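The structure appears right after this line, and notes come after that.
Laboratory data are not the source of any read-out in this text; all were calculated from the coordinates shown. Remember, it's a predicted structure, so these values are computed and weren't measured experimentally. Cβ atoms come from the backbone with ideal geometry, glycine included; neighbour counts cover every protein chain shown.
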Amino acid sequence: MTYFTGYRCTQCGAKYPLGELIYLCPSCSRDYHAGMPLKGILECEYDYPAIKREWEEFLIALPHAHEYGKMEELCRLFGPLEKELYPNLPVGKTPLVSTQSLSGEMLYLKFDGVNPSGSFKDRASYLMVAEAKRLGFREIVAASTGNAASSLAAICASAGIKAVIFAPASAPQAKLVQIRIHGAELHTVDGTYDDAFAAALDYSKTHECLNRNTAYHAFTIEGKKTAGLELFAQMPLPPDYIFVPTGDGVILSGIAKAFRDLRQAGLLENVPALVAAQAETSDAITSYWESGNYMDAARPHTVADSISVKTPSAAHLAVQELRDSGGMAIRVSDAEILSAQKMLAQRSGIFCEPSSAATLAAYFNCREQGKIKDQASVVLMLTGHGLKDIQAVKFAE
């Protein structure tokens, strides 16, 4: 059984039951159109007292449970679908690596490059494929700069479901190769991620399919939430800060959702401060957080392609999560990103893609400016493997 009770609109608070397919809040999204941040994003709600009771029973029965057992139990308790629906691939339960070799202070690196497609995005694809099975869909469509697309292609292949992908023609070749080798139907778009997002929405209006566009369905955030649940199981105390590579704001919103769920269930008191690490040319969320007024990123062009977004789909929600957590948003340059990527590879042994390295660059930025407290517990989310974009390394050389 699950403790999922239904959906709540993050904008107006309206509630909707689990049942037929629902994307955005019908009321709040009436005037939504592609090319603007999503309105009426839905989030999943649970029977939190029941979850607390079962978690406490689990700890009593298994007081010395290994962290992997704890991660699996938390993801089950705070998951919206029955386990039998999930594809047969080992998604999640990724390592948390501690190191003092990067800054002289202890940092924790949550490395999702070990997921099946080498990306954090497998977490959302995993749940969306399970939802497609529940609803009886045989086809899922998505827009992506590469990671969500290659992720969906891989997870769909494991479940015998067709993946239809809209991606910019400029996406890294390694990611396009991944999409093709898994048998997905690939449509390259002569434009940006935002153009691909609009094309995928148009496709789903005329085809019998499930749309996996980020934040468009509540389960994309819910899937990404699992990384936050895992951090809770892997650390003796929640961290003070979590640095998140941020493009459309959905990973950040997912991590925030994890700790809000844990607090609502009475499993913790204080949530970590979230820090959005953004490339300086793709800084719509940072500008929004600073000014209180939303504007598209003027000309998003960065070596960190995974966080290159003109119109962040979850901009409103992400900025609210930053404020609620007492966090902040930080811009970093491409030069800082590439330097951090090299440092991570040479001092920690982890080769991550540029968007992930933006978190280390942002950490150094914050520390130099005195924006984080001394001796703070800090997690850097490393969301993709470096082999997914080797052109960035060649560019750095």
Largest-first principal axis extents, alpha carbons of region 194-291, Å: 48, 34, 21
Globularity ratio of region 305-397, using Cα Rg and 2.2 N^0.38 Å: 1.14
All lysines inside 27 Å of K83 as judged from Cα atoms, apart from same-chain residues fewer than 8 positions distant: K15, K52, K70, K93, K110, K121, K133, K162, K224, K225, K257
Distant alpha-carbon pairs in region 236-331 (separation over 19 angstrom), percent: 36 percent
Estimated Rh, region 166-224: Kirkwood, alpha-carbon pairs, angstrom: 12.5 Å
Förster-model FRET efficiency, 41 Å R0, H207 and L268, C-beta, rounded to 0.05: 0.45
Convex hull of region 1-142 built on C-alpha atoms - directionally averaged projected area, nm²: 12.2 nm²
Radius 15 Å from Cβ of L18, net charge of other residues (Lys, Arg +1; Asp, Glu -1): -3
Euclidean distance between Cα centres, region 359-377 to region 56-80, Å: 32 Å
Span-rule helices in the chain, defined as complete DSSP H runs reaching 24 Å or more along the axis (Cα) with Kyte mean at least -0.5: 218-234
Exposure rule at most 11 other beta-carbon atoms within 10 Å, DSSP loop trypsin sites (Lys or Arg not before Pro): the chain longest free segment: 31-372
Semi-axis lengths (Å, descending) of the ellipsoid that matches the C-alpha gyration tensor of region 300-355: 25, 15, 9
